[in-house]
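Notes for the one structure printed next.
The values are calculated or read from the model by the stated rules, or taken from the named source; none is laboratory data. What you see is a predicted model; the values in this text were computed from it and never measured. As a convention, Cβ positions derive from the backbone with ideal geometry for all residues, glycine included, and neighbour counts pool all protein chains shown. Ligands, DNA and RNA are stripped out before the accessible areas are found, and what is left, the full protein with its side chains, is counted by its heavy atoms. Shrake-Rupley method; radii C 1.70, N 1.55, O 1.52, S 1.80 Å.
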Amino acid sequence: YGDVVGIRVVNFRNIFVNHPEHIEEVLVGHPRRYIKGRVLRANRHVFGEGLLTSEGDFWLRQRRFVQPAFHRGRVAAYAETMVRYAQRMLQGWRDGEEHDVHREMMRLTLQIVAKTLFDADVAGDAQDVGKSLELLLELGADFRRTLFVPHWMPTPTNLRIRREIAFIEGILYRIISDRRASGSDTGDLLSMLLHAHDEDGSRMTDQQLRDETITLFLAGHETTASSLSWTWWLLARNPAAEAKLHAELDEVLVGRAPALEDLPRLPYTGNVITESLRLYPPAWGLARVAVENHELAGYPVKKGMGVTMAQWVVHRDTRWYEAPEEFRPERWEGDFIRRIPRFAYFPFGGGPRQCIGNSFALMEAALILATVAQKYRLRVVPDHPVVPLASITLRPRYGVRVKLESRQGCAPERLPQANRPATQAISADKRGFSAQPWSS
């Protein structure tokens, strides 16, 4: 419908911005003209005043507290843990078994985020926590209920949400309490947040710690899990890409576990992740609300109007991508990322509020992909519906059921030429993110 499209929902006016230049103006050029969108603000009873929902000076203070946990050197130290947990998952897999790989990825990434960011092994709690998180995200997909039914109303759905939040909070407050009592500094995110202080000497309260940790619990593992779930599905539907991935892994790793230093030598593995994020970005859209009157792309934007930018739309624009519906990891070879507009590809947003954990997520996705793809092919179970659900993140509504096919002892693969469309009938900005971010 064009680069700027208007829509009205009841008394709320919104414009969709579909051109990279205009998106850059919103996210980078004039970010202070906007606050977060209505859906996220309506979910503050879940996220509190964490990085995802807070605004202004308070957000900036919290960002400074959290930023050291995602320093390049610290993120690199997490690599061994990511691989170790992925290998532990594979110990329970057997050739010929059927699994919901989305559920498997959710469980795995939850364990990783708990261990690397909170130094807590929650394997025993992971299944129950995962169910609570999944339910909250499914309920978050009903944007009409989120926007028009206040969370304080005692409806059956709201009461269920309260119970799930209380369950997750119980785990988080227990970890916070134990850490405060011990006074130990284990070098993880929670330790840094507990010991961090502002210029006036003030520290974060338990409530602020809860808000940041629940944000990372909810967002920190779900995005990578969803991205990997779509990646397995795309690879299963595109045997040429899958064979090329396996050939690279076999040549570089020769059967051993991947490590951080291997990633620069696995460019096609990185391209697979990059292309998967293009087609099925976990953050499928960004919403803002104007806080002042201004003009955008020649259109008047009034205070209180919504401005929405959808990665799903821009990433599939034929102006920037040849055959945009097809899964083509090789499109990212060479300098392609520099030949398209800056915000023609922005899976992690952009500007001051670009996702703080993008490097963590990209490294985690690549290491898990390399670890699992060395050992197994994942074949989608016939007739299982794989359908996108536009929740807070983009997730497969019914999961992704696959049959495991062991690669142990297999001969080097031939590379088939077929390339299938990435979608079914149902269906970081350039300077901050590259096709192989780990090589920069």
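General remarks:
- Backbone phi angles across region 297-314, fed through the Karplus curve with coefficients 6.51, -1.76 and 1.60 (θ = phi - 60°), yield HN-Hα couplings of 6, x, 9, x, 10, 8, 3, x, 6, x, 10, 10, 10, 10, 4, 3, 7, 5 Hz in residue order; Gly and Pro are listed as x.
- Each residue, residue 302 and residue 198, gets one label point 7 Å from its Cα in the Cβ direction; the gap between the two is 3.6 nm.
- Cα centroids of region 63-86 and region 172-198: 16 Å apart.
- Residue pairs exceeding 32 angstrom between C-alpha atoms, taken from 131/375; 115/303; 36/375; 36/244; 115/403: 115/303; 36/375; 36/244.
- Cβ-Cβ FRET estimate between residue 291 and residue 98, R0 fixed at 56 Å, reported to 0.05: 0.65
- Heavy-atom accessible surface of region 4-406: percent carbon and sulfur, 1.4 Å: 52
- The alpha carbon centroids of region 307-374 and region 251-300 are separated by 3 Å.
- Computed from backbone phi, the HN-Hα couplings of region 281-287 come to x, x, 8, 7, x, 10, 10 Hz, rounded to whole numbers (Karplus: 6.51 cos²θ - 1.76 cosθ + 1.60, θ = phi - 60°; Gly and Pro given as x).
- Whole-Hz couplings from phi, Karplus 6.51/-1.76/1.60, listed for region 190-198; x for Gly and Pro: 4, 4, 5, 5, 5, 8, 5, 9, 7
- Taking amide H positions as modeled 1.01 Å from N, with prolines and chain starts lacking one, the residues under 5 Å from residue 310 and 5 or more places away or on another chain are 17, 286.
- Database remark: amide H of residue 400 closer than 5 angstrom to the amide H of 101, 102, 103 (H placed geometrically; neighbours at sequence offset of 5 or more, or on other chains; Pro and chain starts carry no H).
- Accessible surface, 1.4 Å probe, highest first, among residues 188, 250, 317: 250, 317, 188
- The chain: calculated mean residue ellipticity at 222 nm from DSSP helix runs of at least 4, using -39500 (n - 2.57): -14500 deg cm²/dmol
- Long-range HN-HN contacts of residue 30 with modeled amide H, under 5 Å: none
- FRET efficiency for residue 162 and residue 58, using Cβ-Cβ distance with R0 set to 30 Å, rounded to 0.05: 0.75
- 20 Å-binned pair-distance histogram of the chain (Cα, whole percent): 25, 59, 16, 0
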